[in-house]
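The values are calculated or read from the model by the stated rules, or taken from the named source; none is laboratory data. The structure presented is a predicted model; accordingly, all values stated were derived computationally and were not measured. Here the Cβ positions follow ideal geometry from the backbone for every residue, glycine too, while neighbour counts run over all protein chains shown. For accessibility, only protein heavy atoms count, side chains too; no ligands or nucleic acids. Shrake-Rupley method; radii C 1.70, N 1.55, O 1.52, S 1.80 Å.
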Number of protein chains: 2
Amino acid sequence: MNVADLLGLPVAVPSTALFTDQYELTMLQAALRSGTADRRSVFEVFTRRLPEGRRYGVVAGTGRVLDAVENFRFDETILGFLRERGILDEPTLGWLADYRFRGDIWGYPEGEVYFPGSPIMRVEGTFAEAVLLETVILSILNHDSAVAAAASRMAVAAGDRPLMEMGARRTHELAAVAAARSAYVGGFHRTSDLAAGFRYNIPTVGTSAHAFTLLHDTERDAFTAQVDTLGSGTTLLVDTFDVTEAVRTAVEVAGPDLGAVRIDSGDLLLVAHRVRQQLDELGATKTKIVVTSDLDEYAIASLAAAPVDAYGVGTQLVTGSGHPTCSMVYKLVARADSGDADDPAAPLRPVAKKSMGAKSSVGGRKWAARRLDADGVAEAEVVGTGPVPEALAGRQLLVPLVRGGEVVAREPLDAARDRHIAARAGLPLSATQLSRGEPVLPTEYL
Amino acid sequence: MNVADLLGLPVAVPSTALFTDQYELTMLQAALRSGTADRRSVFEVFTRRLPEGRRYGVVAGTGRVLDAVENFRFDETILGFLRERGILDEPTLGWLADYRFRGDIWGYPEGEVYFPGSPIMRVEGTFAEAVLLETVILSILNHDSAVAAAASRMAVAAGDRPLMEMGARRTHELAAVAAARSAYVGGFHRTSDLAAGFRYNIPTVGTSAHAFTLLHDTERDAFTAQVDTLGSGTTLLVDTFDVTEAVRTAVEVAGPDLGAVRIDSGDLLLVAHRVRQQLDELGATKTKIVVTSDLDEYAIASLAAAPVDAYGVGTQLVTGSGHPTCSMVYKLVARADSGDADDPAAPLRPVAKKSMGAKSSVGGRKWAARRLDADGVAEAEVVGTGPVPEALAGRQLLVPLVRGGEVVAREPLDAARDRHIAARAGLPLSATQLSRGEPVLPTEYL
């Protein structure tokens, strides 16, 4: 089969198996040859730090990781590519043809918060089957968690006001779909991205742009056309020419039941106050005001006292508000000495790179629990490699996601969204400060 | 057909038509209703500014835009989704069923440099057919150009030394593929991302990670296993434990023909000098040194005098080195007054949003040319709406990309890469300074 045929759609990739750095496959080949490929191994995903000044991280993308693991298969097209390029030898290609992940994956459930050192995901299996998943797991978690963390801060800043994700045009077209999903987990309510609505059933939103007004001979013509087809409950964009004139025209055209007006430029604080006053004077007391101009969590917070009813956020959301990626890594933390992957009693040896500078890590298969104070507020992220203390047994954070290769933790996106709200609410109050600071929980190693 | 069935693969999207913000479709519906949908329209992509301190921008993603436009079709599944959600009425759904873009697209060719106000892409057709492409075009150009700009700066810093893209794990799994493509356009030589090698035929690279060393009982075992299967020309990772010890072992195992050693942590400048000296003393004078630890263009430049042979760059490359997106917008700049789209002589009226704050734009269908000084060095980006001055006629920047809906400008990726090198070489020398500054060319409007 011709590779180009499969790629008629620029987004089609036959499986997730090529979302892989080449070294994972060359390591596999070398391990198959040296007889170490079957050593039982534990890999963990964690970060050494949060982005500077951030109080907490947000786990997002877990559901996408499960999809990716399930679809991580090497079909003939992929094997042909690897063969043609001379990347792998025949025994390794043969091994890959039968590949599916048959191990176990544990992890923080999606929406949970995390801190430096939190074992966000733990992948257990043979070295060969687990090493291959490094890149795809990190790609998803690093991207999605970065967006969710920004979304969460924006949701805190917005309070009860709805948040709309509108950033598709500012990021890769498929990253945009994942970003809309992550934004929803982090507390957003809607997305303008139809692909995200389609793929993840997220409610969508959108009415018109400046181009629509400019297309018509007058602003009144444009508003009339929009109200005629979308009804008076629509949102009219009022800053193409003169805002005061546009608001007057909008209410004349749509009547006092006009759904909302949108302001996309100017001094939003000032303009929102003026527009609210004008709408009220025109009797459109229930018409809402939506603002959408280069917002981030700080701009949203600065509008808390303004008569704004909803926020549309683009660039800063999909680029993680200054931190477009997390620094999650995927590290081998323990492995069997023998190649006997079938012996669950075989001792696992903790392993870790010896540090040069900041790249230290802690060896051993880890559990994690969040310790609460007397008032039930989280006070520490406790990470350990030995037995779990009795007092923490009920507060463990890792849950089974994949068992023997089968996904066991599918859930609706709303479950992750609800979990995030609950997890954030369990943190000390300072978690919701937007100002720079240390992580709100210290990480303690037992 | 069940939507979920189509989505068995987490990356499968049936066409590019849903990479669209909802308002484009609701505008379409309103325009169909008001009779303005067929007005001949010109949309232009441009930026109002470069990222702070940057001297030039790099156009990338053009080839992906052409793919996306070709595949922008509304099949039954997509129409069913839009119907179920109640987003559009039946006449609009019927119109979409027959949609394909039949207009013209002009643009700066891929790899070309750009400046504030450069009309990077110009889409001409009916309002209806052109308005729909806003989001997908911006997603691709904003993402890809951001990565290419970072890549170009890194390529300047690296001089003749090869650059390897290794950032897949730090960005969305498909953004990573596009990032590898953009990095190649910007001057990188290889990628670790197999999906990018598969999709765009970019040379791939990769040998082993710390996990491979930790998997084995000794570092010597690991090196032996790697050399046994990948040959002595491989690259051995020497910073898992003690670098000096590892380099000694590496040369003992592979012999003086060892291809390269990789250093991924520590003070790279210091370590590279020590390793070079040690390799030379061991007779491995041709063994190369590859460094890969959190590099950006500044770190690369700081290693210019160090004995480093190649750089692997990840996070900072795929996140645009501080600027993960460009601020390109897609604006209606001219449109016919009548609905007669078939009359090429119908006058086009320049249109533009009236500015509030920084969101100004210049109406009218634009040409662009780069004026040279007496030495043949670029001295201004000239943008105009009237006739092209004779002296600039041969220096025009926009080329036809799509004519009557047919793509006319496919080219191999190397053509874009070569074009970028030539375009950058034609700029004033200060373009290649990494320090912050103004755009190296002023934009003049005629």
Per residue, accessible area of the stretch B:213-358 with a 1.4 Å probe, heavy atoms of protein chains only, in Å², comes to 39 Å²
Could you give the nm distance between label points at A:Asp280 and B:Gln396, where each point is 7 Å from its Cα heading toward the beta carbon? 5.6 nm
Rounded to whole Hz and in sequence order, give me ³J(HN,Hα) for the stretch A:148-155 from the Karplus expression 6.51 cos²θ - 1.76 cosθ + 1.60, θ = phi - 60°, writing x for Gly and Pro. 5, 5, 5, 4, 5, 5, 5, 5
Teacher prompt: B:Gly255 distances to equivalent labels in other copies, 7 Å Cα→Cβ, nm: 9.0
Which residues' amide hydrogens lie under 5 Å from the amide hydrogen of B:Thr20, considering only partners 5 or more residues apart or on another chain, with H built in the peptide plane? A:Leu194, A:Ala195
Excluding ligands, DNA and RNA, what is the accessible area buried between chains B and A, summed over both sides, using a 1.4 Å probe, to the nearest 100 Å²? 9600 Å²
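Only helical DSSP H runs with n ≥ 4 go in: add -39500 (n - 2.57) per run for chain B, normalise by residue count and round the 222 nm mean residue ellipticity to 500 deg cm²/dmol.
Details: 16 runs with 161 residues, N = 446.
The helix contribution divided over chain B gives -10500 deg cm²/dmol.
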Return the whole-Å distance between the Cα centroid of the stretch B:41-89 and the Cα centroid of the stretch A:162-214. 14 Å
Other chains' Cβ within 10 Å of B:194-204 residues: what's the mean? 6
Taking R0 as 60 Å and r as the Cβ-Cβ distance between B:Arg371 and A:Ala380, the FRET efficiency 1/(1 + (r/R0)^6), rounded to the nearest 0.05, comes to 0.40
Given H placed 1.01 Å from N in the peptide plane, which residues other than close sequence neighbours of B:Gly312 have an amide H under 5 Å from its amide H? B:Met164, B:Val291, B:Thr292
Cα gyration tensor of the protein assembly as shown - equivalent ellipsoid semi-axes, whole Å, descending: 46, 33, 25
One would report the antiparallel percent of DSSP beta bridges in the protein assembly as shown, rounded to the nearest 5, as 65 percent
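Evaluate the relative contact order of the stretch A:66-143 (contact order divided by residue number), counting alpha-carbon pairs under 8 angstrom at least 6 apart; express in whole percent.
Relative contact order here is 28 percent.
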Which distances, in nm and shortest first, link the B:Ser430 label point to the same label point in every other copy, taking 7 Å along Cα→Cβ? 4.6
Using alpha-carbon positions, the gyration tensor of the stretch A:358-432 gives root eigenvalues a ≥ b ≥ c; with a/c under 1.5 called rounded, otherwise prolate if a/b exceeds b/c, else oblate, the class is oblate
Given H placed 1.01 Å from N in the peptide plane, which residues other than close sequence neighbours of B:Glu379 have an amide H under 5 Å from its amide H? B:Arg371, B:Leu372, B:Asp373
Using a simple spin-label model with points 7 Å from Cα along the Cα→Cβ vector, what separation in nm is obtained for A:Ser430 and A:Asp221? 6.0 nm
When only Cα pairs under 8 Å and 6 or more residues apart are kept, what is the percent relative contact order across chain B? 23 percent
Run the count for the protein assembly as shown, please: Lys pairs, Cα-Cα under 20 angstrom, 8 or more apart or on different chains. 12
Using θ = phi - 60° and the Karplus curve 6.51 cos²θ - 1.76 cosθ + 1.60, what whole-Hz ³J(HN,Hα) does each residue of the stretch A:261-270 get, with Gly and Pro shown as x? 10, 10, 10, 10, 6, x, 7, 4, 4, 5
Using per-residue counts of other Cβ atoms within 10 Å, averaged over each peptide, order B:203-210, B:263-270, A:260-267, A:112-119 from highest down. A:112-119, B:203-210, A:260-267, B:263-270
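Show me the ranking of peptides B:147-153, A:82-88, A:162-168 by mean Cβ neighbours inside 10 Å, starting with the highest.
B:147-153, A:162-168, A:82-88
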At B:Arg48 and A:Asp160, where each label point lies 7 Å from the Cα along Cα→Cβ, what is the point-to-point distance in nanometres? 3.4 nm
Shape call for the stretch B:158-321 from the C-alpha gyration tensor, a ≥ b ≥ c root eigenvalues: rounded (a/c under 1.5), prolate (a/b greater than b/c) or oblate? prolate
Please report the carbon-and-sulfur percent of the accessible area for chain A; probe 1.4 Å, protein heavy atoms only, DNA, RNA and ligands left out. 50 percent
Compute the angle between helix A:243-254 and the longest alpha-carbon principal axis of chain A, please, reported from 0 to 90 degrees and rounded to the nearest 10. 80 degrees
Env charge @ A:Tyr445, Cβ radius under 11 Å, K,R +1 / D,E -1, value -1
Treating the point 7 Å from Cα along Cα-beta-carbon as the label, what are the nm separations from A:Pro387 to the other copies, to one decimal? 9.3
Listed highest first by mean packing, meaning other Cβ atoms within 10 Å per residue, what order do A:327-336, B:304-313, B:121-130, A:379-388 come in? B:121-130, A:327-336, B:304-313, A:379-388
Karplus 3J(HN,Hα) series, Hz, for the stretch B:182-199 with 6.51 cos²θ - 1.76 cosθ + 1.60 (x for Gly, Pro): 5, 4, 5, 4, x, x, 6, 10, 9, 9, 7, 7, 5, 5, 6, x, 5, 6
